[in-house]
Structure formats: structure tokens, C-alpha cells
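Working notes, beginning with the structure itself.
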Amino acid sequence: MDLQTIIQIDQENYMNTFGARTPVCLTHGEGVKVYDTEGKAYMDFFAGIAVNSLGHGHPALVKAVTEQASKLIHCSNLYYNEPQAKLAAEINKLAGGGHKVFFANSGAEANEAAIKLARAYFNKKGMPEKNEIITMHHSFHGRTVTTVTATAQPKYQKYFTPLTPGFSYVEPNDTAALEAAVSDNTCAIMLELIQGESGVHPMEAAFLQKVKEICKEKNVLLIVDEVQTGIGRTGSMFAWEQFDVKPDIFTLAKALGGGVPIGAACAKEDVAAAFAPGDHGTTFGGNPLACAAGLAVLSTIKEEGLLENASRVGSYFKQELEEKLGDTVTEIRGKGLMIGIELKAPVAAQIKNRLFEEGYLVGNVGANTLRVLPPLILTQEQVDGFVDTLTKLVKEEQA
Ligand SMILES: *Cc1c(COP(=O)(O)O)cnc(C)c1O
């Protein structure tokens, strides 16, 4: 089918939630490259929004998924399945032990589980009024009614009122605002260590120190949303390892299945114990196919040294961007291969489109920021090619 026909069928039949998409239909990929219906290749520096961390068509992932699909794709959670047990054990081990895991199908669902668990935890201790959750302005936690309530951005909330009660918001890194917002009824503080969707903004160490103090003094749970930062994106398996925090609950999704939908809520054992049989559940979550994909992703990250690669190539990437882009940028933010490039001129959308014409996929946030989330298999040579092209385009656009 040709591109125009596909676009026409889509526009007639698919809800218009994504507006006019980039006019390309992707068909297959290999490594960092992805191809369209016309056979044109693109270097994927967005990885399906931090999902395809092994790149496209990684042999280990393809093998695990095809083998599992030929055996058993789904069985209900009324029965045990081996990939699920093994993946839960693997995540617990990577988190240092003492955790339990619940599998969902997406980031939003993983966060829903985290929110329900935090409320159940205090409810079952006889404190049902301790149910309020503080989240950060400019955050992103998902699109269900409750996670969109947690997402403190009016543009995502405005048509969906009434929102879920019990949420309040503070400006990230505003210690005084956080202190003022906490009360005896606060049950959790929920945050991303690097806010991804709003343009790659890391939390400051002093603020996180205050968060830790408040959680301890006021008996408040810390929920860290690692849906985007988790599974190696920032150069460590979980970003909380680098930010020196130990969340009571953390959530995963995007990269965990390498493209097969899966989410996870991981909690310290005493917190996890708040879920009793029947309190929470899912039909698809943690099915053998998704968990086999998750196991392949984790073992490949280990075997190919991808944490080290993300950290090394990520540092090189930032350094090259700073050097080559010079004073055309306000700031380069992020860790590992989660990078935000804030341009001085409001030309991010134009640059994104021109990069697309040159065969590079990236994202933009607002008028000034480009978002780069390449697969963790990225090489320095691939960084060089990208930085050269970007530098040329930024200079042309600002000339
Ligand atoms: C993408 C994202 C989500 C939502 O994940 P979905 O799978 O789209 O529901 C939640 N939190 C963060 C930090 C994200 O980046």
C-alpha cells in the first residue's frame, strides 16, 4: 500500500488524537536504522519514545519473542508462568533485593498500580485519611484519569474533569513549596528524577535530599516514575541509583519489553504487602510473551554492556553537542542517552522536520527544545553523523 492511501485510511478511521503525523509509514528496522514504505532509511534517535532500547530487530529479542509466541502467548494470571516469575526475580535482583513486582501493560497502568498501592498501604494501617499525593508541575505520569491527575500539566487535564481527588502539585526543586504542601494526610510524593516529556529536566540533589527527609519524618512513601528513565536509559539500570534515592515504589514500562507492551510497579516488600489477593489485577499484564521480551532485554543489556555504552556514548554525545553547537544553545540537559537540547532560537520544530528530511528521527518539546532518545546500542560514529547534520541545520536555520 502506498503512503497516501495509508494516510487516507488512517484519517477516515483512526481517532484524531495524534493530529497530522509526520508523513511517513515505517515498515521495518535493523539496529539504529528504520525504513519506510518508500525504502528510505532513517537513523532512529527517538527509539519510539525511549522504547526500542536494543534498536530494531535485535536478534536476541526477536528470537525470544518468536520462540515464546510459538509456545504460549498468553495465559491468565490464574495460573503461573515461568517468564513472569523469572522477570520479577530479575527486576528484584537488579533493584538490590527486598522488592516485589506487579506487571501491567503500560506506564500509566504501572503508575495506577503504584498510586493504589500507596493508598492501600496507609488504609490498611488504619489511616484511610492519609491518602494525598504530591506530584510535580510539568510532570508526566500517563493518560488514565488518575495518572492524568498526577500529571500536573493543565493541557492534559482540561477536558477530563472531574479529576481524581487527593492530588496536589509543587514546582520541582522548590523546597519551601514542598514543605508547605506536606501534611499529616500526605501518603506519597511522586516524581520523575528527570522529567522527560516536559523537556528533559533533572531534579536537583538538594531538593531530593529534602524529599528524602520529609518522607522519613512524615511517614510518606516515595514513588519514583522510572517509566522513561528506567532500564538503562540514563546509563544505570534505574536512574535512582545515580540520584542517591531509594524509592518505596518505582515504576517501569517503555524500554522494559524492547517494544512489546509491558509495565511494572516495583515496591519494597513491606509496602508491596499492602496488596492482598483481589485488591489489584490485570488480564494481560505479565503475560508470557511480554515477560519473555523483558527477560531478553535485560540479558542483552548485561551481555552487550549497554549500561556502560549508554553512559560513555551519552557523555561523548553531550560533549560534542556542547562543543559544536556552542552559543546557539542555551543548555544541554540529561544523563546517559536521555538528552534535551535547548536552542536559543525558537526553531525546534523546524529543526526536527529538517532532521527528518535528512534521515534522522528526533522529538521536540515546545518551540526551543529537541529531545534525543536513541537506542542504547548507539556508537560514537553514529553520534558524529548526527551532530554534524544538526550543527549544519542549526546554523542554517539561525542564519
Ligand atoms: C511515557 C510515560 C508514561 C506513560 O506511559 P504509557 O505507556 O504511555 O502509559 C508515564 N510516565 C513517564 C515518565 C513517561 O515518560
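The values are calculated or read from the model by the stated rules, or taken from the named source; none is laboratory data. These numbers come from a predicted model, not from an experiment. Neighbour counts run over all protein chains shown; Cβ positions are idealised from the backbone, glycine included. Accessible surface is based on the protein model in full, side chains and every heavy atom, while ligands, DNA and RNA are left aside. Shrake-Rupley method; radii C 1.70, N 1.55, O 1.52, S 1.80 Å.
Couple of notes before you dig in:
- Selection from C266, L252, T229 lying farthest towards where the dipole of region 204-283 points positive, charges on Cβ: T229
- Angle in degrees between helix 59-71 and the longest Cα principal axis of the chain, rounded to the nearest 10: 60
- Surface share of carbon and sulfur [accessible, 1.4 angstrom probe, percent] for the chain: 53
- Using alpha-carbon coordinates, inclination of helix 306-325 to the longest axis of the chain, degrees: 50
- Counting only lysines at least 8 places from K130 when in the same chain, those with an alpha carbon closer than 25 Å to its own are K100, K116, K210, K212, K216, K218, K246, K268.
- With the highest mean first, a sort of the peptides 273-283, 386-396, 110-120 on other beta-carbon atoms found within 10 angstrom per residue produces 110-120, 386-396, 273-283.
- Gaussian network model of the chain, Cα within-10 Å springs - most flexible of M127, M136, M190: M127
- Per residue, the convex hull around the alpha carbon atoms of region 57-161 comes to 191 Å³.
- Measuring nothing but how far apart in sequence close Cα pairs (under 8 Å, 6+ apart) lie, relative to its length, the chain scores a relative contact order of 21 percent.
- If R0 is 22 Å, the Cβ-Cβ spacing of H28 and K63 corresponds to a FRET efficiency of close to 0.85.
- Inverse mean reciprocal Cα-Cα distance (Kirkwood Rh) of region 220-370, Å: 17.7
- If R0 equals 35 Å, the separation of the Cβ atoms of K302 and M127 corresponds to a calculated FRET efficiency of about 0.30.
- Calculated P(r) of the chain - Cα pairs past 34 Å, %: 30
- Modelled label positions at T37 and D327, each set 7 Å beyond Cα in the direction of Cβ, lie 4.7 nm from each other.
- Dimensions in Å of region 2-55 - Rg and Dmax from alpha carbons: 12.5, 34
- Each part gets one Cα centre, and for region 142-182 versus region 50-96 those centres are 33 Å apart.
- Crossing angle, helix 82-94 versus the chain [Cα axis fit, 0-90 degrees, rounded to tens]: 90
- Antiparallel DSSP beta bridges within region 221-352, percent to nearest 5: 70
- Gyration tensor (alpha-carbon) shape descriptor, region 132-280, a/c threshold 1.5: rounded
- Ellipsoid semi-axes for region 329-399, based on the Cα gyration tensor and the rule √(5λ), read 18, 14, 11 Å when sorted largest first.
- Taking every protein chain into account, the accessible area of region 49-163 amounts to 50 square angstrom per residue (probe 1.4 Å).
- Using the Cβ-Cβ distance between A276 and E12 with R0 set to 56 Å, the FRET efficiency from 1/(1 + (r/R0)^6) comes to roughly 0.75.
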